[in-house]
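The values are calculated or read from the model by the stated rules, or taken from the named source; none is laboratory data. These numbers come from a predicted model, not from an experiment. Glycine gets a Cβ as well: all are built from the backbone with ideal geometry, and neighbour counts include every protein chain shown. Side chains are part of the model used for accessible areas, which takes the heavy atoms of the whole protein and leaves out ligands, DNA and RNA. Shrake-Rupley method; radii C 1.70, N 1.55, O 1.52, S 1.80 Å.
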Amino acid sequence: MTSKLNKKRLSLAVLAFVTSFGAAAQMAPEPIDFLFPIKPGERNYLSGTMGEIRSNHFHGGLDIKTDQREGLQVYAAADGYISRVKQSTYGYGNIIFVTHPNGLVTTYAHLSAFGQPLTDYILKQQYEKKSFELELFPEKGMFPVKRGEVIGLSGNTGGSGGPHLHFEIRDGNDRLYNPLKYKFQEVIDTTPPEIFTLGITPLRIQSRVNNEFRRAEYRTTQKGNTYTITDTVYANGLLGLELQTIDKLDGAANKNGTQEVTLLVNGKQVYNHYIDQVPFELSRQVSQHINYNIYKREGRTFQKAYVDNGNDLPLYNATNGRQGRINVHPDSTYRVQLVARDSYNNASTLSFVVKGEQPTFTKTLAKSVKKTSLDYELIGNILKIMATDTSSTPQNIELLKGGKSLVLVPSYMKNSQSVGLFDLRAGLPDSVRFCGVTVPFHFEKLVPAGQEMAFANSYLKVLFDKRSLYDTLYLQTKLEDNVFTVGDFFTPLLQPIKVTIKPDMTAVKDKSKAAVYFLGTGRGRGFMGGTWGEDNTITFSTKNMGKFKVLEDTKAPTIRLLSKSREQISFRIGDDLSGLNSYNAYINGEWLLMKYEHKKATIWSEKLNKDLPLSGEVVLKVKDNAGNEATYTTTI
């Protein structure tokens, strides 16, 4: 029998072992038998799974279908207590957090209603705080729950795109766990992931894919759960592989995320990621987990099979010393396998061959070329210049900087397009010239990641935080027609940057109504706000680079009465530019709670005293982000 002294020594040893790994190395919570929160014991279907790629985060749990309707009973997955509750117009909408004895937390989001007595507690707090949106942290003993207890009704609140329950499992540090690893019997999945496309990106200036410096894509051929690409890949240098893959569950057509990707080269595993235990505060780093450029431009998701610079997510196991990148040598053959696996261990494998080939100068011509053209793109640190001319002879390219020129000899010529490559770490050229055509670059500064750095020119200032960038940024800016371009919309930011711009004040009539707007890639206008300085500059923070413009919003929000009775009054409200900021209703001078559903642009009243009818003068005041206010008065 182990003595008490030995037990104490063992405990201290375990504590020292855990402490040596730092905060990331924590004991796994004790196992718990979770109840499925919707129709437990019955067959259920999912519309979303853990790890799916969303616009700026990993999907953190399960989206459980609710028969395309609201109002299904939502059950507590295990004993515990309600530790947090939130009502929000966007995001999770109405959400409950239940803390369990082993430290895990389950969340239940997009609810249409809370259970009692929580509903009365929230309503009272809303009237005390005079706000529909609120976040509460009840004391541990206030709202205990038992496994299988109904805690709310499913709904479609917040950012939900249709009726469903969003269900998560977290630990005390807000790390998101994959709920499907608990193997709920209500969900059946025998279907392996599908693999659509392989992406290969050259990562150094000497890298090539089929003798070209470009990102190449290969569509797959399927036979069962085995995939191939028909062509051998000829390559050279350091390459990054990407995989476009989805997963489906039995009985549902939804395209869900694939949790795990493994890369093997010549039978040896060199990389693996499994999307589980994602720290909530790092979820935004999904932008570096995927090919962000392709996602933003085309809406297609490619998961990288290597750990890119600036990616701190604890999801990876890379063993080849290059974080999963492949280094291809001439006259060598590499048999590559990419394995996509879901939470139920269903797997599909893509197999192909890469043959090392020394880069050589090649030339092909195209009869369709009618005039000279010049274009460029950035791939990592490399400036790739594409110069097309009617000549059958490759033409040199000139890089210009401060009146000096550097002759760039083309690396190859394809379809009458001469391709020149230049490593921007050697310097930032002003422009490029080819056969009489000149194109400016607008390069301003090399901004390294991991450093606080400021840049300023005659029309703007940019402040980068230490955590703003994933990787080196070759900052480009431009001012044209009072539109300020800062960087590239297709390059992700980890943390916001602070920007100060100096607009043409002849176009601004009222600074109190003027603010910065993000122009994006379409016709939409995103309100950014900003603070005006005494020198007629305006400063704002942004999580995205791209195009910005100062616009004025002088129109008040719109209000339309939808219905009124002694039980309830409802309105449709909206704003055409800056967006809604606040709304407040009063009956006979007393504040009246109005609930808001942004997808329908409607607000409706909820009385604190259900027995007291609405009677008297109702005044609704709605304000937008520019400070314009509309007032509507009626009598019940």
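State whether one or more residues within the stretch 556-572 are farther than 30 Å from residue 449 by Cβ, among the acidic types (Asp, Glu) and either at pLDDT below 95 or surrounded by 14 or more Cβ atoms within 10 Å (Cβ to Cβ) (or both).
no
Quickly run through the stretch 594-626 and pick out the residues that are open to solvent by 30 Å² or more (accessible area, probe 1.4 Å), farther than 17 Å from residue 119 by Cβ and part of a loop (DSSP other than H, G, I, E, B).
Result: 598, 599, 600, 612, 613, 615, 625.
Identify the residue in the stretch 486-531 that is in contact with a Lys or Arg (Cβ under 7 Å, 6 or more places away or on another chain), open to solvent by 20 Å² or more (accessible area, probe 1.4 Å) and not in a loop (DSSP other than H, G, I, E, B) and, among all such residues, is farthest from residue 383 (Cα to Cα).
500
Please go through the stretch 127-160 and give me each residue that is without any contact (Cβ under 8 Å) to a residue 24 or more places away in the chain and open to solvent by 50 Å² or more (accessible area, probe 1.4 Å), ordered by number.
Matches in the stretch 127-160: 128, 129, 139.
Quick one: residue 380 ticks every box in (1) at pLDDT 95 or above; (2) more than 30 Å from residue 179 (Cα to Cα) except a single one, so which number is it?
(1)
Can you pull out every residue in the stretch 102-126 that is open to solvent by 30 Å² or more (accessible area, probe 1.4 Å) and either of a type in the set (S, T, N, Q) or without any contact (Cβ under 8 Å) to a residue 40 or more places away in the chain (or both)?
Within the stretch 102-126, 102, 112, 116, 117, 119, 120, 121, 125 qualify.
Got a sec? Which of 485, 506, 521 is at pLDDT below 95 and under 26 Å from residue 295 (Cα atoms)?
521
Table: residues versus (1) at pLDDT 95 or above; (2) out of contact with any helix residue (DSSP H, G or I) (no Cβ under 8 Å at 6 or more places or on another chain); (3) over 24 Å from residue 520 (Cβ atoms); (4) open to solvent by 40 Å² or more (accessible area, probe 1.4 Å).
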| site | (1), (2), (3), (4) |
| --- | --- |
| 285 | no, yes, no, no |
| 289 | yes, yes, no, no |
| 299 | no, yes, no, yes |
| 302 | yes, no, no, no |
| 305 | yes, yes, yes, no |
| 308 | yes, no, yes, no |
| 323 | yes, yes, yes, yes |
| 327 | yes, yes, yes, yes |
| 330 | yes, yes, yes, yes |
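Residues being farther than 24 Å from residue 94 by Cβ and modelled with pLDDT of 95 or more: count how many of those fall in the stretch 588-611.
Adding up the residues that qualify gives 3.
Under the condition of being in contact (Cβ under 8 Å) with a residue 24 or more places away in the chain and among the aromatic types (Phe, Trp, Tyr), which residue from the stretch 443-474 is most open to solvent (accessible area, probe 1.4 Å)?
Selected residue: 459.
State the number of residues belonging to the stretch 212-235 that are over 15 Å from residue 336 (Cα atoms), in contact with a Ser or Thr (Cβ under 7 Å, 6 or more places away or on another chain), touching a residue at least 12 places away in the same chain (Cβ under 8 Å) and in a strand (DSSP E or B).
Going through the stretch 212-235 one residue at a time, the tally reaches 2.
Conditions (1) within 22 Å of residue 146 (Cβ to Cβ); (2) open to solvent by 30 Å² or more (accessible area, probe 1.4 Å); (3) at pLDDT 95 or above, marked per residue:
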{"position": "43", "(1), (2), (3)": "no, yes, yes"}
{"position": "46", "(1), (2), (3)": "no, no, yes"}
{"position": "65", "(1), (2), (3)": "no, yes, yes"}
{"position": "74", "(1), (2), (3)": "yes, no, yes"}
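Given the stretch 384-436, what strands (runs of 3 or more DSSP E) lie entirely inside it while holding 1 or more residues that are acidic (Asp, Glu)?
Passing ranges, in order: 397-401, 417-423.
Pick from the stretch 394-423 the residues that are in contact (Cβ under 8 Å) with a residue 40 or more places away in the chain and within 18 Å of residue 441 (Cα to Cα): which of them is surrounded by the fewest Cβ atoms within 10 Å (Cβ to Cβ)?
423
Being among the hydroxyl-bearing types (Ser, Thr, Tyr) and closer than 22 Å to residue 275 by Cβ is the requirement here; does residue 344 meet it?
yes
What is the one condition in (1) among the basic types (Lys, Arg); (2) in a strand (DSSP E or B); (3) open to solvent by 40 Å² or more (accessible area, probe 1.4 Å) that residue 370 does not satisfy?
For residue 370, the exception is condition (2).
Mind counting the residues in the stretch 452-485 that are more than 22 Å from the chain's Cα centre (by Cα), part of a strand (DSSP E or B) and among the aromatic types (Phe, Trp, Tyr)?
3
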